[in-house]
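Data first, discussion second: the structure below is written as structure tokens.
The values are calculated or read from the model by the stated rules, or taken from the named source; none is laboratory data. Worth saying up front: this structure is predicted, and the values here are computed from it rather than measured. For neighbour counting, all protein chains shown are included, and Cβ atoms are generated from backbone atoms with ideal geometry for every residue, glycine included.
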Amino acid sequence: MLNKLNRIRRDFNQWSLFTAAIGFFIAIPILTITVYLFDGVGDMWEHIVDYFLLEYLQNSIVLLIGTGILTTLLGTSSAWVISNYNFPLRSALKWLLFLPLAIPSYIVAYAYVGLLGNGGSLIGCLQTIGFSIQKIDFMNIYGLIWVLSFSLFPYVYASSLAMFSSIPRSIRESSEILGASNWRYLRSVAFPLASPAIISGLFLVFMEVLNDYGAAKYYGINTFTTGIFRTWTMLEDLQSAVYLSALLIVMVVIINTLLKWQRGSKSYAVKGSTDQLKSTDRIDLKGNKLLLVWIIVGIPILFGLLLPLGQLFYWATLTYKKTFNIELLQIAGQSFTIALVTTILIILTSLALIYFSRWNHLKSLHFFKKVATIGYVIPGAIIGIGVIRSGQSFITFFDDVFSLEIGFLFYSSSVVLIYAYVFRFLAVVFHPLEANSLKVGKNISEASYLLNAGKIKTLFNIELPLLRTALLTSGILVFIDVLKELPLTLILKPYNVQTLAVKAYEYADDERVAQAALPALMLIFTITIAMAFVSYLQKREKLNI
Amino acid sequence: MVVNSILEISELSKSYDGKVKVLSDFNFNMEHGKICAIVGESGSGKSTLLRLIAGLERPEGGEIKIAQSIVSDNTKIVQPQLRNIGFVFQDFALFPHLTVEQNIAYGIKNNKSKIIDKLLKLVKMEGYNKSYPSQLSGGQEQRVALARTLAIEPKLLLLDEPFSSLDVGLRSILRKEIKGIVKKLNTSLIFITHDISDAIDIADEIIFLKNGKIVQHSPISELSKSSENEDISNIMSELKANMEGVLNLFQKPDESNVFKE
């Protein structure tokens, strides 16, 4: 016992303290929600349980099941076709299939109303070619499933494409030699091998569905996230919003457990990565099969990218004279500045958490890494409520104990918003950076220590230069996420700060949906450029290997 | 206590996740200027022992002294960079973004270019100053890793399976060169090997490890007596079987034919 205590004292260092402090500071919102659960339910809780709770639950479950099925179908079929067949425009289509991710789902939702509503562009086209259709009623839960699926399927597409493409040629050839048809190879070899990756992609889709506020609100569908907003803003009952948030967290935990159970212990390490499929191994297609393949990849691109983009461009040509002004440029500037500052802070926090916890010798403190990076599976609305609740406690504490009024920090600056972004998106940078730092190998760092270099010198001279591409790539991805984020921004942005995402939402919420097109297109344009840069960096990294 | 000892280890123990015991009550002393080979089965604790000496792992108990100073016990751990130990990893761990010259210069404080030239000459790598590790062969990488380690003038040199990735001809040459360098620089060396001929060729003493304990520690000249020890015979036959298994793959293709009558 004494020995153990001596060892803990021996192994405790300043990095142990920093690791715990950072982890605790980042996780304050979620800890606050847990603590406030013991305060009992709010005044409106009974009313919510009687009239809304069942609807929130039903709608959320239907949305999850519907988008789960549709995104799996769209994502895996297109990934299979792209990884196994050669056909004209394949490379361009492979890239285009990622692009629906550049359009936030609430913007796709607005565009579909413009396309299919009364006097909508697509309805007009259909009428011109002889259909006597007036409108398609799209603002219901099925419309929302459609919108979310065509907007989020790239998560499944990306993960299954990576897995299908990494299956070595020898495995397919073995299957062929053993007499299996292409269909049987897909069913009994490729799909089972890719299933853990597909499930990981599906988990991201589910998290986005639960996080969605803009599309559900616009279509009038009551979900947990819209319910949290309604309870807090309209019913003015923050405590009941905390309870709804806790229920939503339970739902996330159940989904995570179900998916983990479904995946089981399957994690296939496919050997022979140098023997992966090359373009010459893909099957050349002609005739009817070619047409079928084009339909498979064409449908998601048409409904997830081209139609919404076409509608947005059409609206932009109608409204740009009104909406393109200095104010919009200022909003764009604010958006980019907030996203940039957040990105830098997230990178610094991730690096601190990775290396401080590595330099600390108490393994039990690694728990703080997990707590700090839990934000990505917690919908933005919950984090917003957690931040507001903890903010109130801080304001009261500082006022009571130090007679200091710090309310302005919370209500008229972006500090709190940026802090909440850091919690929400820390995992986007942390996990790839940690994985890459492990890939670099601890021998490299240890070799540096043994050459008389300290931890800081090793970090700056050896570890960071080797992580440069991973830093840039994950930084850009988090920049994109922050630009797109809506619910958290709506809850926490100060009155004098505006972002492109919020501006587009506000136009649509004021029934001026056409005017939402220009800020939306500016957002999409920036995200597309950022995604192209990420793709370029990843390609360069692959060539270096 | 050994007079003029470079390394003294007493009651050293280490386990992973508090469960798997890798080393227990390990005791070992070594004189300055000696070369010691460590031989043992996979998982016997060879690499962990080297990492504990270097300060890359933290022991649960016991004491390590290097040149008569305590570097690790229950109350303190001296950081690896303050132990003045040279370590060549199995994969050499050269910094891939630095040139040969920059790799060697990394640990040097003064007179960098003079020392680099001297070391490159010592390891027979003159003219490779501006090459990157990715442009070198396995043997060349190993020479650079050795030069980089020698640049800090270590009191004790630790090599983790230094010859395992080299072909037979090259390993024989490098063995001799390393022995020459260690004797010339009057330092001490501990190295891990799976090949008993490495030990015979350059070591002054040999340690047989099994399940985290020393089965035998003797001068290399007494190696022939060791075969009477059952544990050592087992270790030797396992190492031999591994080697033969590998050789069979290349030398006896006919025997691998399962359809052969």
Quick check on B:Val3: is it at pLDDT 90 or above, of a type outside the set (S, T, N, Q) and in contact with a strand residue (DSSP E or B) (Cβ under 9 Å, 6 or more places away or on another chain)?
no
From A:Ala102, A:Ala109, residue being modelled with pLDDT under 90 and within 21 Å of A:Met522 (Cβ to Cβ):
A:Ala102
Of the criteria (1) assigned to a helix (DSSP H, G or I); (2) out of contact with any Pro (no Cβ under 8 Å at 6 or more places or on another chain), which one A:Gly179 fails
(1)
If you go through the range B:102-127, how many residues are more than 14 Å from every other protein chain (Cβ to nearest Cβ) and crowded, with 19+ Cβ neighbours inside 10 Å?
3
Anything in the range A:315-361 that is of a type outside the set (A, V, I, L, M, F, W, C), surrounded by fewer than 16 Cβ atoms within 10 Å (Cβ to Cβ) and under 21 Å from A:Val108 (Cβ atoms)? List them, or say none.
A:Thr317, A:Tyr320
Test of understanding: among B:Ser42, B:Ser69, B:Ser5, which residue is more than 14 Å from chain A (Cβ to nearest Cβ), without any contact (Cβ under 8 Å) to a residue 24 or more places away in the chain and farther than 19 Å from B:Val215 by Cβ?
B:Ser69
Options B:Arg143, B:Arg148; residue that is assigned to a helix (DSSP H, G or I), charged (D, E, K, R) and either surrounded by fewer than 23 Cβ atoms within 10 Å (Cβ to Cβ) or in contact with a helix residue (DSSP H, G or I) (Cβ under 7 Å, 6 or more places away or on another chain) (or both)
B:Arg148
Would you mind telling me which numbered condition in (1) hydrophobic (A, V, I, L, M, F, W, C); (2) within 14 Å of chain B (Cβ to nearest Cβ); (3) crowded, with 19+ Cβ neighbours inside 10 Å A:Ile456 fails?
(3)
Kindly provide the set of residues from the range A:1-42 that are more than 14 Å from chain B (Cβ to nearest Cβ), β-branched (Val, Ile, Thr) and either in a helix (DSSP H, G or I) or closer than 22 Å to B:Glu57 by Cβ (or both), ordered by number.
A:Thr19, A:Ile22, A:Ile26, A:Ile28, A:Ile30, A:Thr32, A:Ile33, A:Thr34, A:Val35
Hey, can you tell me all the residues within the range A:301-321 that are β-branched (Val, Ile, Thr) and free of Cβ contacts under 8 Å to residues at least 24 places away in the same chain?
A:Thr317
Filter the range B:197-214 down to residues that are touching a Lys or Arg at 6+ places or on another chain (Cβ under 7 Å) and touching a residue at least 40 places away in the same chain (Cβ under 8 Å) and give me whichever is farthest from B:Lys34 (Cα to Cα).
B:Gly212
Out of A:Leu464, A:Leu433, A:Leu426, report the one residue that is crowded, with 19+ Cβ neighbours inside 10 Å and over 30 Å from A:Tyr243 (Cα atoms).
A:Leu433
